[in-house]
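Report on the structure given below.
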Ligand SMILES: [Zn+2]
Ligand SMILES: [Zn+2]
Ligand SMILES: [Zn+2]
């Protein structure tokens, strides 16, 4: 049954040309080739899609209902398929509730561990709490030395105001005579306690007085049960003359034991020097207690009998912030809240009271009345600059007055007077944000709100009780704050610290936890913290997380299809990642990996090289075999680069900087009070191992810092830093990131770059369009008129799959054309508007040869290596790298003023060496036009092209955040401490020192390049 190969026959998906290919099973195969040559069409859209389709077919009747409409890949047959799992870079998690811990399922194991062996503590006083049966209580009492005298009491009133006359009468009528009120003894037969009803009192009913002895077991049991009944599941054991070891005996037995032993001990301390904890010293019960008596409480329920807090049972869901049983009630498990921010409400304290509150317009009578009245109350003029006011007055304007204020308001019936406290500007905004029905008011107020860490849970997302359950002295929230590397150390050898019972329970769970953490380390993610929001991960990071999760699942016989797993990884960490991939294969799985990375190709069992060109000129297999086979293949561009026949050239000169931006004291995340200069007028690469702080420096500090300063954009909250100096030399700053260019299938490269605008004009100018009076809008699929109304111009209809992700199927009415028949009757050079949207950029560039404007824009898309892309390709299907390059093309098309600072994050994502070379040319062109370019990049051929390298590290996470080296690539390559520098050596002809890959061919200076 089982075959040695997955056999694909007659694949025609996209540009594939009747392709036949055999992919070896249980091996590691790389699919490579130029961008647009058909790699993804083969790996994802044919092999994976067919595997997935068959898998769903076997899954459930419900899912099968939809299969009739699900596109079958255009392929004659695929044989030898296994269940397929794709691990791409799409960041599936936009949900703020997903964290590294939850998506890796590690959090599930942690929850299990904490639910099974966690020791609950009281969040108020920190005492250990637990539950126990009457039998257990009796057993523990009997552990006291024989002959110890003790009283079994029912605590019926605890810190409550009242005189309790009825209670005393009732107790007496039921035969209870002895009570202790606030620690003082009374006999109700003779005494009549006279309590001040305005004070808190504590009343314990003495159920029995005993002498500990095994013979007394049944009497003690009766008394304990009676007391539990009287006091709803709680008893107090009062030992007037405790033997020395009593405290230890009663308390220290098992992990799950309870008892207010700490309280007893502290009571003793109180008697001596009056120093207990705060809660304690206010408690009349303990201060009145004789110095050396011991009071222990036992509870049937999980409760802190000291603070009188009941706990719900500890379950795994108690540790889930996605469940009301575990979530912090303040932020509902999000970890942050939106609050009105004082700095946003008062942005310029030199302004007078009339203008200083940004959200309050003095022109509106409601606000004017308040400002005038409060100013009059304090006897200050409304013209006083806010900063000149007494601090106490400023405080009361912002947060409310201590006293009542007279508000006077002019109405048509005369002056209305009202006396009340002023609520304060900030509480006013906060209240209205909650109460208002108006969306616009809410949005207006949100302009003055900042996202802050939830004060109740300090960002840990869990409710107090769940945060007070400890394993090995550590709450689960503290584990979540650890990096993956530190967490693995934390759990290393934890068994040794556990009791035997706990060890037996936890052994397997701990193994799973450590294994999963280990897998994540192997794929180079040890610097990520477990509570990191999954939505903030880069595409490469989230792909590697899913990879680690898959390794953890231990599946066998699966086909894994991966998309560029090397993205975002420093060369140093790439080796470990490749070990992981080989590990997956050795388990008996098949790996199909779309990749451009040379190292990955060297380690693969075989390579499928697609080409020879992009788009229509691709779709064939140019070479298939091992690394050497591809190197020797005559038509393979990949082989040209792998063998060194072609290479990305090293520039002959490095540019001189034209001024610089100086970042001072950057401290966001792991940045270590960093001072760093960003040179202007040159091409700069920021490098470093994953997690070293590159993105934090570029996105959070540099970009957001500039955006805030240059555009006065107060809604931007830059990462922590002291200053950025030299801003005047920069005209504009543009971040060209990998976020999608649009979230609906309605946007596409043509609409985003405005190419479509020009095309629609051409169609409106045709003879037929003019005859019929069709204007430009007729050819838009976003407005009514010319579009297909069945699908609203989308060309596809979305089918919600409930438990699976949505599926888009072609519209039955227009067959995916997006337009109605009348519109499609209009042609330009024989093509309909729908035909044009189907064209690749390259085809369109030829087709519109006589239109300079259109050609110029299309050329820009060609320049950034997107010639293969269809004009109408929905932006939702673009990869992060493609979206970034579309944005780059759009930037290139703008009229260039120079002095723009361009920031890019890993622009080589998804690029074949040949395409990477074109991209590098584009970046050089931007700099030659007088702009500055800063890129985060691992790809060494790009780094060696930079004028200036800023290398961060030396390691990731806490071990990073420092400037390891800065200078030209040659200067950085000479730094022994720089990981990047060492790897650069092998690529720089001017450097003699040996790098880690010096055994490979040495770079040719430039010959062989065209
Ligand atoms: Zn407590
Ligand atoms: Zn909270
Ligand atoms: Zn339609």
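The values are calculated or read from the model by the stated rules, or taken from the named source; none is laboratory data. Bear in mind the structure is a predicted one, so any value in this text is a computation, not a measurement. Cβ placement follows ideal geometry from the backbone for every residue including glycine, while neighbour counts extend to all protein chains displayed.
For the reader, a short list of remarks on this structure follows.
- Tally, over segment 584-608, of residues that are closer than 20 Å to residue 542 by Cβ and in a helix (DSSP H, G or I): 2
- Residue 305 being away from ligand 1 (no atom under 16 Å from the Cβ), modelled with pLDDT under 80 and buried (at least 20 other Cβ atoms within 10 Å of the Cβ): no
- Entirely in segment 454-527, the helices (runs of 4 or more DSSP H) that have 3 or more residues that are away from ligand 3 (no atom under 16 Å from the Cβ), over 24 Å from residue 336 (Cα atoms) and at pLDDT 90 or above: 484-491, 500-522
To keep it simple, each residue is scored yes or no on (1) farther than 21 Å from residue 39 by Cβ; (2) surrounded by fewer than 20 Cβ atoms within 10 Å (Cβ to Cβ); (3) at pLDDT 95 or above.
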{"site": "601", "(1), (2), (3)": "no, no, yes"}
{"site": "607", "(1), (2), (3)": "no, no, yes"}
{"site": "649", "(1), (2), (3)": "yes, yes, no"}
{"site": "666", "(1), (2), (3)": "yes, no, yes"}
{"site": "685", "(1), (2), (3)": "yes, no, yes"}
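- Number of positions in segment 829-865 that are crowded, with 19+ Cβ neighbours inside 10 Å and part of a strand (DSSP E or B): 1
- The single condition among (1) within 30 Å of residue 55 (Cβ to Cβ); (2) without any contact (Cβ under 8 Å) to a residue 24 or more places away in the chain; (3) surrounded by 16 or more Cβ atoms within 10 Å (Cβ to Cβ) that residue 791 does not satisfy is (2).
- Of all residues making up segment 134-158, the number that are under 17 Å from residue 242 (Cα atoms) and not in a helix (DSSP H, G or I): 11
- Search result, residues across segment 94-133 that are in a loop (DSSP other than H, G, I, E, B) and within 16 Å of ligand 2 (Cβ to nearest atom): 96, 97, 123
- Criterion violated by residue 176 - all others in (1) outside any loop (DSSP other than H, G, I, E, B); (2) under 16 Å from residue 231 (Cβ atoms) satisfied: (1)
- Where a residue in segment 332-349 is more than 10 Å from residue 448 (Cα to Cα) and its partner, wherever it lies, is assigned to a loop (DSSP other than H, G, I, E, B) and within 8 Å of ligand 2 (Cβ to nearest atom), with Cβ under 6 Å and at least six apart: 333/461; 335/454; 335/459; 335/461; 336/454; 337/331; 337/454
- Among the conditions (1) touching a helix residue (DSSP H, G or I) at 6+ places or on another chain (Cβ under 8 Å); (2) closer than 27 Å to residue 618 by Cβ; (3) within 16 Å of ligand 3 (Cβ to nearest atom), the only one that residue 780 does not satisfy is (2).
- Options 926, 888; residue that is part of a helix (DSSP H, G or I) and surrounded by 22 or more Cβ atoms within 10 Å (Cβ to Cβ): 888
- Top-ranked residue of segment 758-771 - restricted to ones that are free of Cβ contacts under 8 Å to residues at least 12 places away in the same chain and assigned to a helix (DSSP H, G or I), ranked as farthest from residue 857 (Cα to Cα): 771
- When segment 325-346 is filtered for residues that are within 13 Å of ligand 2 (Cβ to nearest atom) and in a loop (DSSP other than H, G, I, E, B), the ones remaining, listed by number, are 326, 328, 329, 330, 331, 332, 333, 334, 335.
- Qualifying residue in segment 531-551 (condition: assigned to a loop (DSSP other than H, G, I, E, B) and modelled with pLDDT of 90 or more): yes
- Residue 460 vs. criteria within 16 Å of ligand 2 (Cβ to nearest atom), more than 20 Å from residue 319 (Cβ to Cβ) and in contact (Cβ under 8 Å) with a residue 60 or more places away in the chain: no
- Every listed requirement among (1) within 22 Å of the chain's Cα centre (by Cα); (2) over 22 Å from residue 958 (Cα atoms) is met by residue 600 save one, (1).
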